[in-house]
């Protein structure tokens, strides 16, 4: 691993734990004068076979609204949470979160991924898995995991 980090990625799901990871990423970006890349991954929705055909639900329209809304949230985070002296940009990705985070990190030539640990255990971890665990396994970049400091989980 080469220091300083030139580009740092901070994936967000807009939760309190991912905000804590963003705070750490900002601190590192300030220290190393790094560019900060804020990313969010939308998981595409699709109709179940029984819902296709004559469904009144327009999934394409819903996805477009989700893209617009999420892009606005990312821009709001850059404007309100990241200091002006930190060079930052955002990317909205679509697919499986860990896969897209890892792919984007390679594509963007990221030096470090700063991601939160949501602190799930027991049945929640079994049911939902862990994006962070998979990123650690598949990313070809260093990963810094930021703990959750007693943040309440839903």
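Go through 67-73, 138-144, 96-102 and give me the packing order, highest mean Cβ count within 10 Å leading.
Numbers: 67-73: 13.4, 138-144: 15.3, 96-102: 20.7.
For the peptides 67-73, 138-144, 96-102, the packing ranking is 96-102, 138-144, 67-73.
What order, most packed first, do the peptides 79-92, 27-40 have when packing is the mean number of other Cβ atoms within 10 Å of each residue?
Working: 79-92: 13.9, 27-40: 18.8.
Answer by packing, highest mean first, reads 27-40, 79-92.
Taken together, the values in this text are just the output of simple stated rules run on the coordinates, not laboratory data. Keep in mind that what you see is a predicted model, and the values were worked out from it rather than measured. Note: ideal-geometry Cβ built from the backbone for every residue, glycine included; neighbour counts use all protein chains shown.
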